[in-house]
Every structure is written in structure tokens, then in C-alpha cells.
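The values are calculated or read from the model by the stated rules, or taken from the named source; none is laboratory data. Computed from a prediction, not measured in an experiment: that's the story for all the values here. Here the Cβ positions follow ideal geometry from the backbone for every residue, glycine too, while neighbour counts run over all protein chains shown. Quick note on the areas: whole protein, heavy atoms, side chains included, nothing else; ligands and nucleic acids left out. Shrake-Rupley method; radii C 1.70, N 1.55, O 1.52, S 1.80 Å.
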Amino acid sequence: MASFKTVMKSGHPPTLFAAFLYFDFCFAIWVLNGAMGPFITETYKLTPAQTGFMISLPILAGALMRFPLGVLAQYIGRKNAAITEMSVIMLAMAYGYLFVSSYNDVLAMGVLLGIAGASFGVALSLGSGWFPPEHKGLAMGIAGAGNSGTVLAVLFAPPLAQAYGWQTTYAFAGVVMLLPLVVMIVLAKEPPDCEHQSFKEHISCLFTKDGWAFSLIYVITFGGFVGLSNFLPTFFYEQFAVTKVEAGRLTMLAAFMGSGIRIVGGYFADRMGGIAVLSVVLLAAIATFLSLTATPSLALTTLLFMLCFAALGAGNGALFQLVPLRWPNNTAVAGSMIGEIGALGGAILPNVMGLSKQYTGSFSMGFIGYAAFTAIVLGCLALWQRKWVGSWVGPRGKALGTAADAEAQALRPVTA
């Protein structure tokens with residue numbers, strides 16, 4: 001088992017750090033409206049369905065922007081794509097501070113926040129691009145732990161919104177974006193793992209069954225993470241009548257667990273296999289979703305959400321251990337495509353939860369629906385892995401060691 005120091009020596013840690021910071025701050029800005037959901041809802045007297053839609057719009061917009069940014073990164077370089085995106089985000093934050101004054105303006109701002117959500121595939125590909133296949137799971141887990149930006153958003157946005165007004169929080173976000181921008185310019189180096197390919201080759205992952213299989217899994221793991229991260233401040237505020245700031249802090253506990261465990265998920269996926277880890281975490285996610293339907297106490301609910309986020313975070317790390325093994329030459333595009341579909345699941349979840357509350361008086365049906373979908377995908381994973389193992393990945397989802405190993409694995413018959 002390779003030590004952390006050995007893994008770091010095999011790649012370029014400054015680029016990995018820059019990618020993490022870039023994704024972390026982008027993620028924080030992406031979920032700003034979710035973190036400030038109780039404030040916005042109170043200001044404009046929104047219904048639960050309106051709140052759900054307002055929260056989901058940045059997720060939807062970010063999802064749709066991920067794939068185009070991933071394709072652009074293949075042509076201008078991932079570092080240049082990241083620098084361009086962060087510059088545009090700062091302009092978007094200026095718009096939020098100066099011009100948002102109605103619910104429709106909030107919706108328009110939600111679309112602009114989606115620009116930050118597009119960073120996913122570029123950040124992970126940039127951070128892991130210097131590392132060999134056997135260590136990409138950990139490298140991607142570290143870069144992907146930038147979804148801890150949720151922690152920054154729910155920890156700092158509510159107090160700032162309470163003290164200075166929630167529109168002013170956009171201005172603070174624009175200023176702090178300077179930090180990852182400078183770090184990216186100074187420390188990051190474009191990885192050497194990108195081959196010159198045609199546009200058709202870049203987007204080939206769109207036309208493979210594996211790409212859509214990965215995307216469905218990511219709808220649960222990442223979609224669940226980002227959807228719940230955005231909705232939990234509103235959930236805690238409405239379900240348990242805590243203050244807006246307390247709702248943010250409770251959300252922070254769950255989000256921190258999910259983002260930190262992502263690294264662990266990638267680490268164990270390198271060693272145990274991404275498919276094996278995914279199977280375990282999907283079972284855990286089903287159990288926690290169903291447990292939450294009972295509407296337990298505040299303390300138990302918070303604990304269950306922490307366990308749920310831990311499972312989802314580990315699943316995110318495990319899935320993206322597999323992505324560079326399946327698409328080694330266009331990881332940024334494949335990752336962006338999978339991230340795009342996965343984030344769409346996050347856009348659906350707040351709407352489902354809002355509609356469940358509005359029409360049934362409870363959030364339970366939303367949790368039941370997500371648990372049922374997770375169970376279906378878990379069953380599909382058991383079937384998909386029979387074709388995967390031996391063709392491009394080793395047993396349980398581990399990296400194939402050498403070209404000879406890959407050829408030997410490929411010659412093994414696929415069992416029914």
C-alpha cells in the first residue's frame with residue numbers, strides 16, 4: 001500500500017492543490033442561493049415549491065455548463081479554462097450585488113451561479129492529470145474534496161447575510177474568488193496527459209453505454225450530495241424551526257462529512273476497487289434515505305444526514321477512480337459529461353422535496369423516491385460490472401497493472 005508521500009511524489013502536488021482550491025471556491029459560490037435559502041424565502045414570501053425551484057436553478061444551470069467547459073478545456077487547456085471561468089464568476093458576483101432586487105432577479109442570478117458549478121470536470125482532470133493510473137483515485141478524491149465549498153457557503157453565508165444583507169454576500173464571494181485565481185495562475189501546470197483528438201473523439205463518451213451508466217450512478221452520489229446540500233438549510237429551518245444561522249451550521253456538519261470522505265472513497269477505491277466501494281455506499285445511502293422518512297429528532301436527523309453524506313461522498317470518490325481508467329485520454333470531457341448528468345439529479349431533488357412538502361405536508365415521499373431510484377441503480381451496477389471487469393478494469397474495479405495484464409484480462413470470457 002503506497003504511502004501518501006509516495007503518491008504525491010508520483011504527480012505534481014502544486015497543481016493538485018490549485019485544482020482543489022479552484023473547485024472548493026467555485027463550489028461555495030455555486031450553492032450560495034441554497035445557503036441563503038431561508039433569507040430569500042422570507043424576503044419574497046416564497047412557497048415551498050418556489051423555494052425548491054429557486055434552489056435547484058443554479059444546480060441545473062451548472063450541470064448544463066459542465067460539458068461545454070470540459071470540451072473547451074480540451075482545446076485551450078484546463079488551466080486556461082479554469083482561469084477564464086473564475087474571471088467570469090467575479091463579474092457575475094458583481095451583477096448579484098448591484099442588480100438583484102426581485103424574485104425573478106434571484107432566478108437570473110441562479111443561472112449565473114451555474115457558471116461556478118461548471119468547474120467540476122476541469123478541476124478533477126487538472127488535479128489528477130499528473131498522476132499515474134494506480135493513484136488517480138486518491139488524486140481525484142483530493143481535487144473532488146473541493147465540494148467542501150458547501151461547508152464554506154453554509155458556514156459563512158448565513159452570518160454575512162444576517163449582518164450585511166444577503167445581496168451583499170455576493171460581493172464578498174466575488175472578492176474572495178481572487179485567492180484561487182492567483183493560486184491557479186502561479187502554481188498550476190497543464191498536465192501532459194491530454195492527447196490531440198478530433199471533436200468527435202472528444203465527445204465519444206456521449207455515445208457509449210458506460211458513460212450513461214456512470215452518469216446514473218452519479219445522479220445518486222453527487223446529485224444527492226449537491227441537492228441535499230442546497231436544500232438542507234431550508235429543511236432544518238422549516239422542519240425544526242431553528243434559526244437561519246443554526247440551519248446553516250447543521251448543514252455544514254453533514255456537508256463536511258461528505259466532502260472529507262470523498263478522499264477516503266478514492267483512496268479505498270484505488271486499493272479495493274471502485275465497483276466494490278460503490279456497491280457498499282449505495283446500500284448505505286438506501287438505508288439512510290429510508291431512515292429519514294420517520295422524521296426523527298433534530299439530533300438523530302443530523303446524525304443520519306452525516307451518515308448519508310459520508311456514503312454519497314465516498315461514492316463520488318469511488319466513481320471517479322473509475323473514470324480515468326475508462327477514458328484515459330479525454331478524462332476532462334468524460335468527467336464533465338458525467339458531472340453534468342449527475343448534477344441534474346441534484347437539480348431534481350430540491351424540487352421533489354419542495355413538492356413533497358407542499359402537497360403531502362411532509363418531506364418523506366422525497367426520501368422514499370430517492371431510495372427507490374438508488375436501489376434500481378444498485379441492481380444495474382451488479383449487471384454492468386460483468387462487462388466492465390476484464391475489458392478496461394480489473395476485478396472489483398481496480399486498475400489494470402500493465403498492458404500485458406490488460407490483454408490477459410480482456411481475453412477472459414465474460415460470465416453471464
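Provide the convex hull volume over Cα atoms per residue for the chain, in Å³.
Cα-based convex hull of the chain, divided per residue, equals 126 Å³.
From largest to smallest, what semi-axes in whole angstrom does the stretch 7-120 give when each is the square root of 5 times an eigenvalue of its alpha carbon gyration tensor?
Equivalent-ellipsoid dimensions as semi-axes: 30, 14, 12 Å.
Please compute the contact order of the stretch 95-182 in relative form: average sequence separation of alpha-carbon pairs under 8 Å and at least six residues apart, divided by the residue count, as a percent.
30 percent
I'd like the carbon and sulfur percentage of the solvent accessible area for the chain, probe radius 1.4 Å, heavy atoms only, ligands and nucleic acids excluded.
After summing per-atom areas, the C and S share lands at 70 percent.
Given Cα positions, please report Rg to Rh for the stretch 56-181, the hydrodynamic radius being the Kirkwood one.
Ratio of gyration radius to Kirkwood radius: 1.00.
Using the beta-carbon distance between residue 186 and residue 111 and R0 = 30 Å, what value does 1/(1 + (r/R0)^6) give for FRET efficiency, to the nearest 0.05?
Plugging the Cβ-Cβ distance into 1/(1 + (r/R0)^6) gives 0.45.
Give me the 1.4 Å probe accessible area per residue for the chain, excluding ligands and nucleic acids, in Å².
For the chain, the solvent-accessible area averages 37 Å² per residue.
Assuming R0 = 25 Å, what is the FRET efficiency of residue 175 and residue 101, from their Cβ-Cβ distance, to the nearest 0.05?
FRET efficiency, residue 175 to residue 101: 0.75.
Place a label point 7 angstrom from the Cα of residue 391 along the Cα-to-Cβ direction, then list the residues of the stretch 283-312 whose backbone nitrogen is under 11 Å away.
none
Which lysines, on any chain, are close to residue 189 with Cα under 29 Å apart, when same-chain ones fewer than 8 places away are left out?
Reachable lysines: 5, 9, 79, 136, 200, 398.
How much length, in nm to one decimal, is gained on full extension between residue 329 and residue 287, taken as 0.36 nm per residue of separation minus their Cα-Cα distance?
Residue separation times 0.36 nm, minus the Cα-Cα distance, leaves 11.4 nm.
Once every DSSP H run of n ≥ 4 in the chain is given -39500 (n - 2.57) and the sum is divided by its residues, what mean residue ellipticity at 222 nm do you get, rounded to the nearest 500 deg cm²/dmol?
-26500 deg cm²/dmol
Considering all projection directions equally, how large on average is the shadow of the alpha-carbon convex hull of the stretch 225-264, in square nanometres?
Here the figure is 2.5 nm², rounded to one decimal.
Normalised by the residues of the stretch 224-354, what does the relative contact order come to in percent, with Cα pairs under 8 Å and at least six apart?
Reported relative contact order: 36 percent.
Can you give me the solvent accessible area of residue 91 with a 1.4 Å probe, rounded to the nearest 10 Å²?
For residue 91, solvent-accessible area is about 130 Å².
How long, wide and thick is the stretch 226-308, going by the Cα atoms along their three principal axes, in whole angstroms, largest first?
The Cα atoms of the stretch 226-308 stretch 44, 24, 19 Å along their principal axes.
When only alpha-carbon atoms count, how far does the stretch 186-327 stretch along each of its three principal axes, as whole angstroms with the largest first?
So the three principal-axis extents are 55, 38, 28 Å.
Can you divide the C-alpha Rg of the stretch 57-113 by 2.2 N^0.38 Å and report the result to two decimal places?
Against the compact-globule rule of thumb, the ratio is 1.26.
With an 8 Å cut-off on Cα pairs and a minimum separation of 6 or more residues, tell me the relative contact order of the chain in percent.
Here the relative contact order equals 25 percent.
What helices does the chain have that are whole DSSP H segments, at least 24 Å long along their own axis by Cα, and with mean Kyte-Doolittle hydropathy of -1.0 or more?
Qualifying helices: 13-30, 48-76, 78-99, 209-240, 244-272, 274-291, 298-326, 331-360, 364-388.
Which FRET efficiency value, to the nearest 0.05, do you get for residue 241 and residue 207 by plugging their Cβ-Cβ distance into 1/(1 + (r/R0)^6) with R0 = 51 Å?
0.55
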